[in-house]
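Right, one structure below, let's go through it.
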Amino acid sequence: VQLVESGGGLVMTGGSLNLSCAASGFTFSNYGMGWFRQAPGKEREFVAVVTWSGQLTKYSASVEGRFTVSRDNAKNITTLQMNSLKAEDTAVYFCAAAATLSVDYLRGYIYWGRGTQVTVSS
């Protein structure tokens, strides 16, 4: 099983980045796909999730309206489009896969990528 994130980098405040997560080694279309982030000195936090079909998405309050999560089950890829980036969005971003999501979509993730660094500079 592999989850490989890409697309991170350095961007100015107000800019955009598009993160991708390529999955392999499991039946991607059967899993909910989530994005999490961890800033230096802080705990990992939930960012967004898309259910297996792509029909349902959920976002943390801090990114609602700025980030968009999507997936392409034909390509085994999930993406996180991040707009209007702020300095507080600086973190390592991880994608994760859940065969069974909890009711609040925050738990159940069993596969994790290694992360990609996003740095927002003011």
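Since every read-out is calculated from the coordinates, none of them should be taken as a lab result. In this text the structure is predicted, and so the values were computed from the model without any measurement. Cβ coordinates were reconstructed from backbone atoms using ideal geometry, including for glycine residues, and neighbour counts include every protein chain displayed.
Side notes on the structure shown:
- Dipole size of region 53-122 about its Cα centre, with +1 on Lys/Arg Cβ and -1 on Asp/Glu Cβ: approximately 140 debye, rounded to the nearest 20.
- Those lysines that a straight Cα-Cα span of less than 26 Å connects to LYS42, excepting residues fewer than 8 apart in one chain: LYS58, LYS86
- With a cut-off of 17 Å on the backbone N, the residues of region 1-35 near the modelled label site 7 Å out from ARG66 along Cα-Cβ are 8-19, 35.
- Relative contact order, percent, the chain [alpha-carbon distance under 8 Å, six or more residues apart]: 35
- Per-peptide average of other Cβ atoms within 10 Å, ordering 10-16, 65-71, 116-122 highest first: 65-71, 116-122, 10-16
- Coordinate range of the alpha-carbon atoms in region 16-72 per principal axis, descending: 34, 24, 19 Å.
- Among PHE94, PHE26, PHE36, the largest mean-square fluctuation in a Gaussian network model of the chain (Cα springs under 10 Å) belongs to PHE26.
- Mean separation of Cα contacts under 8 Å, 6 or more apart, over the residue count of region 80-122: relative contact order %: 47
- For the chain, size of Cβ-based charge dipole, Lys and Arg +1, Asp and Glu -1, in debye: 100
- Kirkwood hydrodynamic radius over Cα pairs of the chain, then Stokes diffusion coefficient at 10 °C and 1.306 mPa s, in µm²/s: 113
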